[in-house]
Amino acid sequence: MAAHYVLTKSKDGQVVFNLKAANGQIILTSERYTTKSAAEKGIESVRKNSPLDERFERRENSKGEPHFVLKAANAQEIGRSEYYSSASSMENGVESVKTNGPVATVVDETA
């Protein structure tokens, strides 16, 4: 299956989305939204901002594990990655979001 966004409901009824690569690996996870419409706007924000390298904030957690955060032009967080084992693996994740974010289709599993 090609890269795609998966819209789902969390246990508390809020809506989240994951951007999955063609291999099924989650490459970006959103915040929780109170409505499906707000989550869909979040996907549009990923599509708009993911091609821009300056929108990616590269970080390390307290264990030294690299990860990234994708931010909108207003510096609001749109989504974040998993923790990676190396900086090069994280950069591969960034490149995957840049490539797949703008073109991925949406799979709606909220029903």
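Looking only at segment 79-111, count how many residues are of a type in the set (S, T, N, Q) and assigned to a helix (DSSP H, G or I). Spell out how you get there, then give the answer.
Initial filter on segment 79-111 (of a type in the set (S, T, N, Q)): 81, 85-86, 88-89, 92, 96, 99-100, 105, 110.
Still in the list and also assigned to a helix (DSSP H, G or I): 88-89, 92, 96, 99-100.
The number of residues fulfilling the criteria is 6.
Could you grab me the full set of residues in segment 60-79 that are touching a Phe, Trp or Tyr at 6+ places or on another chain (Cβ under 7 Å) and of a type outside the set (S, T, N, Q)? Full working, then the answer.
As a first pass, look at segment 60-79 and keep what is touching a Phe, Trp or Tyr at 6+ places or on another chain (Cβ under 7 Å): 61, 65-68, 70.
Listed by number, the residues that qualify are E65, P66, H67, F68, L70.
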Among the numbered conditions (1) at pLDDT below 95; (2) within 11 Å of the chain's Cα centre (by Cα), tell me where I27 comes up short.
(1)
What number of residues in segment 71-105 are aliphatic (A, V, I, L, M), under 16 Å from A21 (Cα atoms) and surrounded by 13 or more Cβ atoms within 10 Å (Cβ to Cβ)?
4
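Going by the structure shown, is G64 modelled with pLDDT of 95 or more, loosely packed, with under 13 Cβ neighbours inside 10 Å and not in a helix (DSSP H, G or I)?
On the way: modelled with pLDDT of 95 or more: yes; loosely packed, with under 13 Cβ neighbours inside 10 Å: yes; not in a helix (DSSP H, G or I): yes.
Taking the combined requirement at face value, the residue satisfies it.
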Qualifying positions in segment 6-52 - part of a strand (DSSP E or B), more than 16 Å from E82 (Cα to Cα) and touching a Gly at 6+ places or on another chain (Cβ under 7 Å):
Y33
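The values are calculated or read from the model by the stated rules, or taken from the named source; none is laboratory data. These numbers were taken from a predicted model, which means no experiment stands behind them. Don't worry about glycine lacking a Cβ; one is built from the backbone with ideal geometry, like all the others, and counts go over all protein chains shown.
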